[in-house]
Amino acid sequence: MRVTDTPIRIRRVKASDVAKVIALDARVTGLPKSTYWRDLFARFGRRRLAERFFLVAEPDAAAARTPLLGFIIGEVRAWEFGSAPCGWVFGLAVDPDRRLEGVGEKLFEAISAEFRKAGMDKMRTMVARDNLLPLRFFRGEGMMAGPYIQLEKDLE
Amino acid sequence: MKLQVSSQLAIFAVLELSAAPERQLSVAEIGEKYGISSHHLAKVMHVLGRAGVVRAVRGAHGGYQFSGNPRRVTLLDVIQLFEPLGADGETLVGEATEEGRALRRVLGEVDDIARATLGSITLATMHKIVERKPPARPERKAAHAGRR
Ligand SMILES: CC(C)(COP(=O)(O)OP(=O)(O)OC[C@H]1O[C@@H](n2cnc3c(N)ncnc32)[C@H](O)[C@@H]1OP(=O)(O)O)[C@@H](O)C(=O)NCCC(=O)NCCS
């Protein structure tokens with residue numbers, strides 16, 4: 001068991017969180033992408049909310065300016081390559097100074113619950129195979145390799 | 001994928017010991033559950049001890065205790081004490097030819113996936129997999145890519 005499980009709150013993203021998401025993502029990836037995040041908020045924070053989930057985690061007693069602890073993003077994807085509808089997670093990050101406190105796990109559990117409410121019985125994600133940190137995290141949460149193999153090609 | 005017997009024994013031994021890190025077990029006790037010879041297992045335990053994954057406890061009730069962190073030690077960490085993974089370091093017949101290099105590339109894909117899989121599964125995750133029953137309903141067969 002962890003020594004300190006931070007008391008946190010998980011909720012849907014709001015317009016006032018977008019700058020915080022941009023800041024957290026820039027810290028984690030070293031690459032600020034404000035257009036990308038504003039666009040993602042417009043599509044995932046406002047529309048078709050029954051199947052799109054953009055969730056953020058903050059300390060229980062957060063004030064307006066308190067930075068986010070983390071976020072997770074996913075959506076219901078139907079019939080991609082013939083697969084039955086399932087929940088797809090395509091974004092997850094936790095503040096580097098607040099890792100291993102259970103924040104990632106709570107975000108994962110929160111989005112799992114949303115997918116279940118949306119009628120899904122499976123959740124998928126994709127991780128770079130040399131990125132062991134999220135790979136170990138997702139494995140630790142019970143994920144296993146799925147029946148698909150990802151392929152790609154350099155386009156000349 | 002095939003693992004050498006020593007790697008298999010090592011995995012069973014560390015799983016058994018890490019299930020209850022305060023507990024100490026003798027080589028015979030571990031061997032009994034899996035039906036393995038104490039002789040081979042003793043050699044394996046010696047290697048695990050030298051690597052610091054387990055600790056030998058002396059005395060009348062001597063045996064071994066787990067001394068790593070089950071949430072951080074991965075299957076790859078254990079296996080690599082006993083065998084190199086994949087085709088690394090091995091020479092392929094026809095290595096110098098274009099065909100040999102093409103084959104090396106394809107085998108490299110398989111090795112990369114094996115390494116990512118074994119390197120991402122910790123002993124704590126293995127314990128969860130042991131406890132979990134496989135899903136009752138099989139996954140529906142996926143159609144071909146592109147057909148919707
Ligand atoms: C992956 C990530 C979200 C995990 O967040 P976190 O809040 O630290 O995770 P938690 O504290 O909830 O950890 C839950 C479990 O995950 C596993 N885990 C997390 N970090 C780990 C690490 N460094 N090593 C091994 N296992 C780890 C453990 O099983 C852990 O349980 P434990 O603390 O009881 O051992 C975070 O490390 C992160 O943001 N990484 C970079 C971003 C990224 O690469 N995202 C993926 C691309 S979409």
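The numbers here are math on the coordinates, done by the rules we state, and not lab data. Note that the coordinates shown come from a computational prediction; the quantities given were computed from them, not determined experimentally. Backbone-built Cβ (ideal geometry, glycine too); neighbour counts: all protein chains shown.
Over all distinct Cα-Cα pairs of the stretch A:51-121, the Kirkwood formula returns a hydrodynamic radius of 13.1 Å. In this structure, the amide hydrogen of A:A93, modeled 1.01 Å from its nitrogen in the peptide plane, lies closer than 5 angstrom to those of A:F71, counting only residues at least 5 positions away or on a different chain. Each of B:Q8, A:M144, A:G74 was placed along the dipole of the protein assembly as shown (beta-carbon charges, centred on the mean Cα), and the one lying farthest toward the positive end is A:G74.
Taking the Cα atoms of the stretch B:1-141, the ratio Rg/Rh between the radius of gyration and the Kirkwood radius comes to 1.07. For the residue pairs A:K122/B:K128; A:K122/B:K133; B:K43/B:K133; A:K106/B:K128, the alpha carbons lie more than 24 Å apart in B:K43/B:K133. Rounded to 0.05, the FRET efficiency of the B:Q80 and B:L107 pair, given R0 = 22 Å and the Cβ-Cβ distance, is 0.75. For the stretch B:55-115, the equivalent ellipsoid derived from the Cα gyration tensor has semi-axes of 40, 13, 5 Å, listed largest first.
So what's the projected area for the protein assembly as shown, the Cα convex hull averaged over all directions, in nm²?
Spelled out: convex hull of the Cα atoms, projected over all directions, averaged, 21.5 nm².
Debye-formula intensities of the stretch A:8-56, expressed as log10 I(q)/I(0) at q = 0.22, 0.23, 0.32 Å⁻¹, are -0.78, -0.84, -1.22 (one equal scatterer per alpha-carbon, no solvent).
Across q = 0.16, 0.18 Å⁻¹, the stretch A:8-137 modelled as identical point scatterers on its alpha-carbon atoms has Debye log10 I(q)/I(0) values of -0.81, -1.04, in the order of the q list. Exposure proxy shown here: for A:K106, A:K20, the number of other Cβ atoms within 10 Å sets the order, fewest to most, as A:K20, A:K106.
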